[in-house]
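Colleague: The structure under discussion is supplied below as structure tokens; questions concerning it will follow.
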Amino acid sequence: MSDKKNVDFNSIYYGLQPDLGRFRLAPNGLGWKGGRDRTTIVAAEDLKKLTWNRVARGYELRVVLRDNTVHRFDGFKNDDFDELRDAVKLLYKLPVEVKEISVKGWNWGKTEFQGSNLNFSVSNKTMFELPLEQAIGTNKPGKNEVAINFVDPGQPAPEGINPKDVDELMDITFYIPGTVAKEATDDNSVENGEEEEEVNADMVFYETVKSKLEFSQMTTENIVQFQEVLCLTPRGRYNVDMYQDFLRLRGKTYDYKILYSNIIKLFLLLKPDEVHVLFVIGLDPPLRQGQTKYPFLVFQFVREEEIDVDLNLENGNLDEKYENKLQKHYDAPTYEVVSTIFRTLTGRNVTVPGNYRSHHGANALKCSMKANEGFLYPLDKSLLFIPKPTTFIPLNEIGVVTFSRVGQSGGSSRTFDMKFNMKGGNDIQFSSINREEYANLEDYLKQKKIKIKSEGNDDAIMTYTDLADLDEDDEEDQTNFESRKKRRTDVPVSVSRDTDEEESPDEDFAPDSDSDVPEEFDSDAQGSSDNEDEDSV
């Protein structure tokens, strides 16, 4: 459909938009208008190159501007080419180049960055292009590998798209072996004839992708940046850049973009050592590192550490958009500033510990979940185990709580186990809980009207901590143990004592061992980890 001045084509898509629209060529430029008043206009003097190629939705007109920005219009028919080519030549004095697409199916080729796009070609023919402005992060999952993430699992589909009707690229991984010559930083090295330094090709590719992601996010300035924040889960130090609608986590290996709409929970918890404060962020969908998913991020701050920072916000935004919930300048403990900004930007309340106190007056009790030691926080409406694996237990989903090894005769164990039988059918078990915590924990569960029951010793799980407790028993407990063993085996005392000496515990498991590396379940192991965290902070 055309008139004397303009050439129009109907049922054309623009980029990744799901809406059909009208594409028009006019003397002063070209444009596209779709549903919901969506329009795109390109001035004639900005046009640099136009190409025609086959794509999934028919044929595509690829428009490259002088600043290397790329616009794509697809949905054309093969019969439209002649009319389109003649109109472009008449109106803009530019040719329309026909590009062939590689259909060999090879998975190795050459990559080239064109503006904000990544082009992958085989035998000088384009196989596919990736719009890096749509990417949310990049990381290095392995040696010579670079992954680019586009969509988080569970992320809501764009407006107007039924996720059951379409397939969507979530992430892609490139394997980039070898080295490349590092670009000269000055002219002196070239004049002096120095040899060019070789760098890993995958690192050059990775840094280039990161720069493209950063450029695409520079349309809005960050509000504030927190540098070198210690993250316990996943482990590492990250720079946290806060924007109006999202945040970025930038580490040495991983780089993530997290929308505030994906943040569903916030916790601010004081560690039992009263030196560190934990800030926990709940995510849905979870953060991914390769095949590992992290539904919670656990950041650690030193309680006495303060920060002096100015927010990059105008006074008008502070008054209107944020309703004076934020200040222009902060000079306060770091954890207070971070939690305040997160609460305002995400619109989520920050959960803090309630009235529960452990035997030692802390907000949490020490325990183990499988092979991992950590702290269990009984909160007003839930329980939270941190740091790894971070486990959230809503009180309204608990069916019954079962205690094991609480009333063992002889007092041989100083710890007990606790198992949560959830209404959904799964069980969550914690072990190596100090016996002194039982009374306060039982009162907490009774106040929350949660059913409690106790099991016998048959289902008890013996841990390394319990072995250490057995070795620390006094002589009277040891005599009672030998007497019981004598009655069971009907062996004379002298023979029983010889057997005990032959079957003494392995020295590797002795809690008083002089080993430089403590066992994972030894009581000293956690203290070593805490010291490392304090030094790293």
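Colleague: Scan 371, 362 and give me the residue that is within 27 Å of residue 455 (Cα to Cα), modelled with pLDDT under 95 and aliphatic (A, V, I, L, M).
Modeller: Criteria check complete, one pass: 371.
Colleague: If I ask for residues that are within 32 Å of the chain's Cα centre (by Cα) and in a strand (DSSP E or B), which ones from the stretch 96-122 would you list?
Modeller: Those that are within 32 Å of the chain's Cα centre (by Cα) and in a strand (DSSP E or B): 110, 111, 112, 113, 114, 117, 118, 119, 120, 121.
Colleague: Next question, about the same structure. List pairs: first in the stretch 279-292 and free of Cβ contacts under 8 Å to residues at least 60 places away in the same chain and under 25 Å from residue 353 (Cα atoms), second buried (at least 19 other Cβ atoms within 10 Å of the Cβ) and not hydroxyl-bearing (Ser, Thr, Tyr), Cβ under 6 Å, 6+ apart or cross-chain?
Modeller: 283/262
Colleague: Another question about this same structure. Do the conditions hold for residue 445, that is, is it within 27 Å of residue 295 (Cβ to Cβ), in a helix (DSSP H, G or I), open to solvent by less than 40 Å² (accessible area, probe 1.4 Å) and of a type outside the set (Gly, Ala, Ser)?
Modeller: So residue 445 passes the test.
Colleague: Ok, one more. Which one is most open to solvent (accessible area, probe 1.4 Å) among residues in the stretch 278-291 that are farther than 20 Å from residue 237 by Cβ and at pLDDT below 95?
Modeller: 291
Every residue, every condition in (1) among the aromatic types (Phe, Trp, Tyr); (2) in contact (Cβ under 8 Å) with a residue 40 or more places away in the chain, yes or no:
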{"residue": "329", "(1), (2)": "no, no"}
{"residue": "335", "(1), (2)": "yes, yes"}
{"residue": "343", "(1), (2)": "no, yes"}
{"residue": "347", "(1), (2)": "no, yes"}
{"residue": "352", "(1), (2)": "no, yes"}
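Colleague: How many residues, within the stretch 292-328, are surrounded by 11 or more Cβ atoms within 10 Å (Cβ to Cβ) and assigned to a loop (DSSP other than H, G, I, E, B)?
Modeller: Adding up the residues that qualify gives 12.
Colleague: Within the group 93, 89, which residue is open to solvent by 90 Å² or more (accessible area, probe 1.4 Å) and at positive phi?
Modeller: 93
Colleague: Here's something else I'd like to know. When the stretch 242-263 is examined, which residues are found to be touching a Lys or Arg at 6+ places or on another chain (Cβ under 8 Å) and of a type in the set (Gly, Ala, Ser)?
Modeller: Within the stretch 242-263, just 251 meets the criteria.
Colleague: Of everything in the stretch 51-69, what is aliphatic (A, V, I, L, M) and either in contact (Cβ under 8 Å) with a residue 60 or more places away in the chain or farther than 17 Å from residue 13 by Cβ (or both)? Give them in sequence order. Reasoning before the result, please.
Modeller: Taking the stretch 51-69 and keeping what is aliphatic (A, V, I, L, M), we get 55-56, 61, 63-65.
Once the filter is applied, which keeps residues that are aliphatic (A, V, I, L, M) and either in contact (Cβ under 8 Å) with a residue 60 or more places away in the chain or farther than 17 Å from residue 13 by Cβ (or both), the stretch 51-69 yields 64, 65.
Colleague: Oh, and also: Right, residue 406: under 30 Å from residue 302 (Cβ atoms) and either hydrophobic (A, V, I, L, M, F, W, C) or crowded, with 20+ Cβ neighbours inside 10 Å (or both) or not?
Modeller: no
Colleague: Return the residues of the stretch 54-80 that are surrounded by 15 or more Cβ atoms within 10 Å (Cβ to Cβ), over 14 Å from residue 22 (Cα atoms) and hydrophobic (A, V, I, L, M, F, W, C); say none if nothing qualifies.
Modeller: The answer is 55, 63, 64, 65, 70.
Colleague: Could you look through the stretch 95-118, keep only residues that are touching a Phe, Trp or Tyr at 6+ places or on another chain (Cβ under 9 Å) and among the acidic types (Asp, Glu), and pick out the one that is farthest from residue 207 (Cα to Cα)?
Modeller: If we take residues in the stretch 95-118 being touching a Phe, Trp or Tyr at 6+ places or on another chain (Cβ under 9 Å) and among the acidic types (Asp, Glu), then 97 is farthest from residue 207 (Cα to Cα).
Colleague: Output the residue which, of all residues in the stretch 14-53 that are in contact with a Lys or Arg (Cβ under 6 Å, 6 or more places away or on another chain), part of a strand (DSSP E or B) and over 13 Å from residue 65 (Cα atoms), is most open to solvent (accessible area, probe 1.4 Å).
Modeller: Selected residue: 33.
Colleague: Taking the condition of a type in the set (A, V, I, L, M) and either modelled with pLDDT of 90 or more or touching a Ser or Thr at 6+ places or on another chain (Cβ under 6 Å) (or both), does residue 70 pass?
Modeller: So residue 70 fails the test.
The values are calculated or read from the model by the stated rules, or taken from the named source; none is laboratory data. Predicted model, so just to flag it, every value in this text is computed and none were measured. Neighbour counts are summed over all protein chains in view; Cβ atoms, including those assigned to glycine, are modelled from backbone coordinates with ideal geometry. The area values use the complete protein model at the heavy-atom level, side chains included, leaving out ligands, DNA and RNA. Shrake-Rupley method; radii C 1.70, N 1.55, O 1.52, S 1.80 Å.
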